[in-house]
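Contents: one structure, followed by commentary.
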Amino acid sequence: MPEPAPERLSARQVLGLVTDPGTFAELPHPARRSPPDGPLAWQGYEASRARAAGRTGEEESVVVGTARVEGTTAVLIAFEFGFLGGSLGERTGDRLEAAHVHARAHRLPVVPLVATGGSRMQEGMLALSQLQRVARQSALTREAGLAQIAVLRDPTTGGGWATLGAGADVILALPGAQVGFAGSRVRPPDADPAAYTSEAQFAAGSVDAVVPMSELKSRLGLWLRLLTSPAATPADPPAALGGTGLPATGGEAVRRARSPQRPRAQAYLDAYFTRRVALVGDRCGGADPDGMLCGFGERDGRTVAFAAQTGTATRPAGYRTAARLIRLADRLDIPVLTLVDTPGAANDADAERQGAGAAIAELFGEVAAARVPITTLVIGEGGSGGALALAAPGNTWATPDSYFSVIAPELAAAILKRPPEEVEPTADQLRIRPQDLVELGVIRGIVTSLS
């Protein structure tokens, strides 16, 4: 059962809850002259606007200004749902454009606090066309290397979701909020209402976190700090957490990498970062939370992005999420750390239907094209192209209890029609041990433990 919808706070109430006291400064409102009853001469529209203004104390459906959130200055766009359902019209578009222009001029991140039913019917296509205007401003802000973090309130539907919400770099949502392109009055009568919630969007990889209002300020503040801290130097590879001695044979390397006792990605991330936040989902309807961990963390006072395989076969959504992470880090000038640990890419029928080949190709491309430095550590299994896609050319390291291979030794023996007893010699022939990889020039070196 979905949680009950959260209380619909006003724009200024939400701003008061997420900003540092006394720091909000409203931006000047662009002046637009419009005829009585708006551009379509919609009878009664002017009266509706006047009533909405009387109820809310606002002149339009968004309040825009600058403020600090846990010490980081940002441009905030707070929707007032009480003003004609937070709908977008021409004057709304004016304010949204002004917000992005100010953000670019002052190098500030943008935080839309969204609560909208969509475009304003009383302004017809002129209202709908504001979505193109908003998309253009968002694209310019993205090109300027500035982060956009959306907070989805109740409801977030229609064009507001499809631009300011879903178009943001990071998406946080309040529990129980109605989130979806179709609003409650225009859905098919038999539609499952649970599909149109923040929780459902999180499960589908379209939301990064569902955050209670009581935690929103601190979580939003952490995201803002991490995404506004560029760094030019590469991330240092983590120290090894497992065994220290090098494997004597290829077979031993495989057994050690597959051992249930070997430390996995979660342990490495816990040891490496003082705090971190998760980037979840591929924005294409999929997530791989058990196979790929992505996000941003704080390391020695600076931000490092991370994409880490967890030792399972990586799903297509995992590769697409990692590609999304690297694109964002590259745009924000944040170095990337990747942890390789997979027997290989998922190769079941569902993985093929979900576009495994295209997802792996996308990740290969993002790693190859990245301008920011990427550092890779192989912490366990390096299974073929499904592992190599996450590895940084020229800056990949390995732990003593890892291996990297063109193919698993068992599969190599099968392809060569060798009996099972030939698997161990085949592993040696493949030269998959960490020390072999150094000698071959595939990796830069072998990391050691801190102890």
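The values are calculated or read from the model by the stated rules, or taken from the named source; none is laboratory data. Because the structure is a prediction, the values reported are computed rather than measured. Here the Cβ positions follow ideal geometry from the backbone for every residue, glycine too, while neighbour counts run over all protein chains shown. Only protein heavy atoms, including side chains, enter the accessible area calculation; ligands, DNA and RNA are left aside. Shrake-Rupley method; radii C 1.70, N 1.55, O 1.52, S 1.80 Å.
Quick notes on this one:
- Residues that are over 21 Å from PRO237 (Cβ atoms) and open to solvent by less than 50 Å² (accessible area, probe 1.4 Å), drawn from the range 304-330: ALA313, PRO316, ALA317, GLY318, TYR319, ARG320, THR321, ALA323, ARG324, LEU328
- Considering residues of the range 331-351 that are among the small types (Gly, Ala, Ser) and closer than 14 Å to LEU390 by Cα only, the residue surrounded by the fewest Cβ atoms within 10 Å (Cβ to Cβ): GLY344
- The lone exception for LEU146 - which of (1) in a helix (DSSP H, G or I); (2) more than 13 Å from THR163 (Cα to Cα) it fails: (1)
- Taken as a whole, the range 376-385 holds no residue that is farther than 30 Å from PRO247 by Cα and modelled with pLDDT of 95 or more.
- Only listed residue being closer than 26 Å to LEU126 by Cα and open to solvent by less than 30 Å² (accessible area, probe 1.4 Å), chosen from ALA41, ALA11: ALA11
The rows are residues; the columns are (1) in contact with a Gly (Cβ under 8 Å, 6 or more places away or on another chain); (2) small (Gly, Ala, Ser); (3) farther than 30 Å from THR448 by Cα; (4) at pLDDT below 95.
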{"residue": "ARG142", "(1), (2), (3), (4)": "no, no, yes, no"}
{"residue": "LEU146", "(1), (2), (3), (4)": "no, no, yes, no"}
{"residue": "VAL151", "(1), (2), (3), (4)": "no, no, yes, no"}
{"residue": "GLY159", "(1), (2), (3), (4)": "yes, yes, yes, yes"}
{"residue": "LEU174", "(1), (2), (3), (4)": "no, no, yes, no"}
{"residue": "ALA177", "(1), (2), (3), (4)": "no, yes, yes, yes"}
{"residue": "ALA194", "(1), (2), (3), (4)": "no, yes, yes, yes"}
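Condition check ((1) under 21 Å from GLY176 (Cα atoms); (2) in a loop (DSSP other than H, G, I, E, B); (3) out of contact with any helix residue (DSSP H, G or I) (no Cβ under 9 Å at 6 or more places or on another chain)) across all residues:
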| residue | (1), (2), (3) |
| --- | --- |
| ARG8 | yes, yes, yes |
| GLN13 | yes, no, yes |
| LEU17 | yes, no, no |
| ASP20 | no, yes, no |
| SER34 | no, yes, no |
| LEU40 | no, yes, no |
| GLN43 | no, yes, yes |
| ALA52 | no, no, no |
| THR66 | no, no, no |
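- Test: residue in the range 70-87 that is in contact with a Leu (Cβ under 9 Å, 6 or more places away or on another chain), in a helix (DSSP H, G or I), in contact (Cβ under 8 Å) with a residue 24 or more places away in the chain and of a type in the set (A, V, I, L, M, F, W, C): no
- Members of the range 352-370 found to be surrounded by fewer than 20 Cβ atoms within 10 Å (Cβ to Cβ) and part of a helix (DSSP H, G or I), listed by number: GLU352, ARG353, GLY357, ALA358, ALA361, PHE364, GLY365, ALA368, ALA369
- Search result, residues across the range 272-327 that are over 15 Å from the mean Cα position of the chain (by Cα), of a type in the set (A, V, I, L, M) and over 18 Å from ASP348 (Cα atoms): none
- Checking each residue in the range 405-429 for being assigned to a helix (DSSP H, G or I) and either open to solvent by less than 50 Å² (accessible area, probe 1.4 Å) or at positive phi (or both) picks out PRO409, ALA412, ALA413, VAL423, THR426, ALA427.
- Checked against (1) among the aliphatic types (A, V, I, L, M); (2) over 27 Å from ASP20 (Cα atoms); (3) surrounded by fewer than 23 Cβ atoms within 10 Å (Cβ to Cβ), LEU88 passes all but condition (3).
- In this structure, GLY285 does not satisfy being surrounded by 22 or more Cβ atoms within 10 Å (Cβ to Cβ), on the phi > 0 side of the Ramachandran plot and in a loop (DSSP other than H, G, I, E, B).
- Residue check, ALA240 crowded, with 23+ Cβ neighbours inside 10 Å and assigned to a loop (DSSP other than H, G, I, E, B): yes
- Being more than 20 Å from ALA203 (Cα to Cα), at pLDDT 95 or above, out of contact with any Ser or Thr (no Cβ under 6 Å at 6 or more places or on another chain) and not polar (S, T, N, Q) holds for only one residue in ALA305, ALA317, ALA359, ALA323, and it is ALA305.
- Qualifying residue in the range 168-186 (condition: outside any loop (DSSP other than H, G, I, E, B), open to solvent by 30 Å² or more (accessible area, probe 1.4 Å) and small (Gly, Ala, Ser)): no
- Qualifying residues in the range 44-56 (those that are of a type outside the set (S, T, N, Q) and in contact (Cβ under 8 Å) with a residue 24 or more places away in the chain) - the one most open to solvent (accessible area, probe 1.4 Å): ARG55
- Applying the condition of being in contact (Cβ under 8 Å) with a residue 60 or more places away in the chain and open to solvent by 40 Å² or more (accessible area, probe 1.4 Å) to the range 187-221 and asking which residue is nearest to ALA287 (Cα to Cα) yields ALA203.
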